[in-house]
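Working notes, beginning with the structure itself.
The values are calculated or read from the model by the stated rules, or taken from the named source; none is laboratory data. Note that the structure is a prediction, hence the values are computed from the model and not measured. Please note: Cβ atoms are built from the backbone with ideal geometry, for glycine as well, and neighbour counts cover all protein chains shown. Heads up: the accessible areas ignore ligands, DNA and RNA and are worked out on the full protein's heavy atoms, side chains in. Shrake-Rupley method; radii C 1.70, N 1.55, O 1.52, S 1.80 Å.
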Amino acid sequence: MSNSYINLDIWTVVRFASFTRLLSLLLQALLNAVIPDHVADAFSPPRAEIPLLLDPTVKVLFGGLSHWDAEHFLFIAERGYVYEHNFAFFPLFPFILRLVADTLLWPLFGFLTLHGRLVFAVAIGNSALFVLSAMALYKLSHLVLQDRKLALVTALMYCLTPANIFMVAGYSETLFAALTFAGLWQLEKGFTLGACLLMTFATSARANGLVNAGFLLYLKLQQGFAYAWALSNGAAGGGRFHHYAWALIRFLLTGAVYAALVALPFCLFQFYGFQTFCHPNVTQDQIHPVLLNLAQNKGYRVPDMSSPTPSWCQWRIPLLYSYIQDFYWDVGFLRYFQLKQIPNFILALPVAALGFIASYTYILKNPVFCMYLGLGDHRRTDKDRKTHGFYNPRVFVYIVHNFVLLLFGIFCMHVQVLTRFLASSSPLLYWISSHLLFQYEPLLRDEKPFTHDQRQQKDDHLKPVLRCFAGMHINNPIIYLLMHWQICSFYTHCILGYFILYWFLGLALHCNFLPWT
């Protein structure tokens, strides 16, 4: 019965994720048509191709998905890495877009330009990846939290993520989330090598994939302490010191290898940037005149054998990524702490508050366990520690991971990106939201939203309509809460209201070149 319920839960997640993708695509098209585009100082490369038959249709339907940073990914997929600041955007997502455009969408070759096919690839590619990421998050949550209901609500909340627009537009967040959640799921199952490979691909999509190496290192640290504890109790027999020393070296070396594999794509990409600009093998004459004119007008640097070597090439560790963040976007420690940035801090406040609440409540519930970092003799830690739910020991490493990202985002980044930064990197945002819903929403204590019973009582005339549009029955707890919105608790209004408000505002603002997170 348990497995059948899990399969039904996954099907519920797939349907709701698919529905929210279709609704997102529809709303962005409508909002993009109704609201005039703002004239923004954003990267906007010229189009050299003559539009074909279906290009105007694709622009109307999916044009809102190609704004802001999406232009960089589409440009890279179409032209490669031409400008220096393009190297802030990692290559896996543009590679996938180009692959889809050249293979799956090849039949449209005579009807759509390459750019049109790439925009279409964004719509279908990110939609498919989002469904996969929702499934991976459900499986990860079920394994870590050991609570089927909490895992289901977590995955459904993810479908309403406040970073929704970045999950549907031409950004790499959805790809990164799918790889990260799947990698963590594999790690929790004990498939370390598979997890390492998935996290390696995640680093090929986004630079913050480097932080995922911490999960692998922590796993090896846990194994080392567990082995040491077994030795201290005589489980390993004689020669304890010899066995312990060898085991410790083995764990450290294995962890180092795994961490190096996760970091390898980042290092290779930096080396590629170094070779491109510090040892160029092209001149400006070999660059397309249209692209060269844009570079001259905007001050973009292009590879050129006859130009002076960029200053960052002389650094002891010449990291192009760090230089771009510093020079082009003024990213650095405390640089965003200015009075004029207060609105952006307010935008990031909800996700930051949820992150701090998660850390505070977990530490308050497991103070001794957290003091020992979840290592060593667990008999000395909190006796009342739960083995399931949000407060169980397996959540600890995710608390640390989220807290590190949260602090880095607040102090060292443009804080308005904190929402999508955390929403696509850590499951903790969805775990704490679901945990709070279960804690403060009486309606979720009812078994009805989780029973998958097709014989439901008839409600008022609006509720069957809502279920029909969502492709759902009443076994979707989020739809259940929305249908009983008037009697939901204050906390439900705050949490669901935040998710849905940001979900919609992102579509309305971002798709029209208006500033959003």
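Pairing each residue of segment 65-81 that is farther than 16 Å from Trp516 by Cα and in contact (Cβ under 8 Å) with a residue 60 or more places away in the chain with any residue that is among the small types (Gly, Ala, Ser) and in a loop (DSSP other than H, G, I, E, B), provided the two are 6+ apart or on different chains, yields C-beta distances under 7 Å for Phe73/Gly170; Phe73/Ser172; Leu74/Gly170. If you check Ile357, Ile324, Ile317 for being part of a helix (DSSP H, G or I), open to solvent by 40 Å² or more (accessible area, probe 1.4 Å) and of a type in the set (Val, Ile, Thr), only one passes: Ile357.
Among residues of segment 101-149 being open to solvent by less than 30 Å² (accessible area, probe 1.4 Å) and among the polar types (S, T, N, Q), the one that is nearest to Ser434 (Cα to Cα) is Ser141. Restricting attention to segment 1-53 and to residues that are part of a helix (DSSP H, G or I), modelled with pLDDT of 85 or more and among the aromatic types (Phe, Trp, Tyr), the residue that is surrounded by the most Cβ atoms within 10 Å (Cβ to Cβ) turns out to be Phe16.
Residues considered: Tyr502, Tyr491. Of these, the only one that is in contact with a Pro (Cβ under 6 Å, 6 or more places away or on another chain) and either farther than 30 Å from Glu71 by Cα or crowded, with 17+ Cβ neighbours inside 10 Å (or both) is Tyr502.
Yes or no, residue by residue, for (1) modelled with pLDDT under 70; (2) open to solvent by less than 60 Å² (accessible area, probe 1.4 Å); (3) assigned to a loop (DSSP other than H, G, I, E, B):
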{"site": "Arg420", "(1), (2), (3)": "no, yes, no"}
{"site": "Tyr430", "(1), (2), (3)": "no, yes, no"}
{"site": "Ser434", "(1), (2), (3)": "no, yes, no"}
{"site": "Leu437", "(1), (2), (3)": "no, yes, no"}
{"site": "Leu444", "(1), (2), (3)": "no, yes, no"}
{"site": "Gln454", "(1), (2), (3)": "yes, no, yes"}
{"site": "Leu466", "(1), (2), (3)": "yes, no, no"}
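Any chance segment 301-308 includes a residue that's buried (at least 18 other Cβ atoms within 10 Å of the Cβ), of a type outside the set (Asp, Glu) and closer than 30 Å to Glu49 by Cβ? Checked against the condition, which is being buried (at least 18 other Cβ atoms within 10 Å of the Cβ), of a type outside the set (Asp, Glu) and closer than 30 Å to Glu49 by Cβ, segment 301-308 yields at least one hit. Check segment 241-255 and report whether any residue there is open to solvent by 30 Å² or more (accessible area, probe 1.4 Å) and closer than 26 Å to Phe75 by Cβ. No, the conditions are met nowhere in segment 241-255. Among the residues making up segment 370-406, those that are modelled with pLDDT of 90 or more, open to solvent by less than 20 Å² (accessible area, probe 1.4 Å) and not in a helix (DSSP H, G or I) are Gly389, Phe390, Asn392. Only one of the numbered conditions (1) aliphatic (A, V, I, L, M); (2) farther than 30 Å from Glu84 by Cα; (3) in contact with a His (Cβ under 7 Å, 6 or more places away or on another chain) is not met by Val331, and that is (2). For Val331, the stated conditions hold: it is closer than 15 Å to Met413 by Cα, open to solvent by less than 80 Å² (accessible area, probe 1.4 Å) and hydrophobic (A, V, I, L, M, F, W, C).
Within segment 409-416, not a single residue is at pLDDT 95 or above, open to solvent by 10 Å² or more (accessible area, probe 1.4 Å) and either polar (S, T, N, Q) or touching a Gly at 6+ places or on another chain (Cβ under 8 Å) (or both).
Table: residues versus (1) within 12 Å of the chain's Cα centre (by Cα); (2) among the acidic types (Asp, Glu); (3) modelled with pLDDT under 95; (4) under 22 Å from Glu71 (Cα atoms).
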residue	(1), (2), (3), (4)
Ala136	no, no, no, no
Phe176	yes, no, no, yes
Phe181	yes, no, no, no
Gln186	no, no, no, no
Gly190	no, no, yes, no
Leu219	no, no, yes, no
Ala235	no, no, yes, no
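The set of residues in segment 70-100 that are open to solvent by less than 40 Å² (accessible area, probe 1.4 Å), within 27 Å of Leu198 (Cα to Cα) and part of a loop (DSSP other than H, G, I, E, B) comprises Gly80, Tyr81, Phe89, Phe90.
The single residue among Ala42, Ala17 that is in contact (Cβ under 8 Å) with a residue 24 or more places away in the chain, within 15 Å of Asn164 (Cα to Cα) and out of contact with any Pro (no Cβ under 6 Å at 6 or more places or on another chain) turns out to be Ala17. The single condition among (1) buried (at least 17 other Cβ atoms within 10 Å of the Cβ); (2) of a type in the set (Val, Ile, Thr); (3) assigned to a helix (DSSP H, G or I) that Ile346 does not meet is (1). Figure legend. Inter-residue proximity from segment 144-161: first residues touching a residue at least 60 places away in the same chain (Cβ under 8 Å), second residues in a loop (DSSP other than H, G, I, E, B) and open to solvent by 20 Å² or more (accessible area, probe 1.4 Å), beta-carbon distance below 6 Å, spacing 6+ or different chains. Indicated pairs: Gln146/His388; Asp147/His388.
Selection of segment 178-207 for residues being open to solvent by 20 Å² or more (accessible area, probe 1.4 Å) and closer than 19 Å to Leu418 by Cβ yields only Arg206.
Taking the options Ala195, Ala202, Ala169, name whichever one is small (Gly, Ala, Ser), more than 12 Å from the chain's Cα centre (by Cα) and within 20 Å of Val257 (Cα to Cα).
Numbers: Ala202 fails: more than 12 Å from the chain's Cα centre (by Cα); Ala169 fails: within 20 Å of Val257 (Cα to Cα).
None of the other options fit; the residue is Ala195.
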